[in-house]
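Read-outs throughout are calculated quantities, based only on the coordinates presented, and are distinct from any laboratory measurement. If you're wondering where the values come from, they're calculated on a predicted model, not measured in any experiment. Backbone-built Cβ (ideal geometry, glycine too); neighbour counts: all protein chains shown.
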Amino acid sequence: MLLTLKIAGILCKSRAKPRRLVLRLLSLQNGLPRATGGLLKYFLLLAISSLLIDRAYAERPAREYRLRLYHTHTKERLEILYRRGDAYVPEALPRLDRFLRDHRTGQIHHFDPRLFDLLSDLIRAAGRPNAEIQVICGYRSSWSNEFLRNRTSGVAQHSLHMRGEAIDIRLPDVKTTVLRKWAVELGRGGVGYYARSGIIHVDVGRVRRW
């Protein structure tokens, strides 16, 4: 009973350090009765398994997230690795900000990187993970937003485009209605559908649709 409690104590303290756990359990093995030694061997197997699993996860390469973009107004293209695993690639974000600048004024604004994750997940959901996304509108300065409000309908006074949290896109060879369907099902923010223009709006604001 005393040995079981001692082993349990070692397991609790060393849960995140399998290598050290194996060494400590091995130090208990010498001079133990056969039955007790069998119990210790069982815990050793658990510790070694944990060590192998821990090493496998450490050596597994981080998933890479890429985007291929084409801006319909500036005619620029960008193919970029913007995230590895859970970390955004620092040098990639300014390049994306510049690519998505206000094409009327040239102003650049920092984008919420969750928007890039949304785009990545959207094209995967649509079955086109390597597709080039056509960008119609990225960042919109207050001047551009007011310019559009005075000339067309459906432009919000406090558009999320002005905060770098929205983008208008289309995906070649994918019907806009289908793209809208997948965007709505993701449930990650606002989704707008513009049938005449053949584009959808997606953002990382509150969940809504129009």
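Below are the figures for this structure:
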read-out	value
Net +/- balance of residues flanking residue 71 in space, Cβ distance below 15 Å, scoring K and R +1, D and E -1	+3
Net charge, residue 207 excluded, C-beta distance under 12 Å - Lys, Arg +1, Asp, Glu -1	+2
For residue 156, distant residues with modelled amide H under 5 Å away	none
Segments 104-117, 63-76 sorted - mean Cβ within 10 Å per residue, highest first	104-117, 63-76
Amide H within-cut-off set for residue 191, under 5 Å, with H built and near neighbours excluded	208, 209, 210
Within region 58-207: Cβ-based charge dipole about Cα centre, in debye rounded to nearest 20 (Lys, Arg +1; Asp, Glu -1)	360
Over region 84-210: Rg over Rh, Cα atoms, Kirkwood Rh	0.95
Under Karplus coefficients 6.51, -1.76 and 1.60, residue-wise ³J(HN,Hα) of region 120-127 in Hz, glycine/proline x	4, 5, 5, 6, 5, 4, 7, x
Those residues of region 116-134 whose amide nitrogen sits under 18 Å from the label point placed on residue 88, 7 Å along Cα→Cβ	116-122
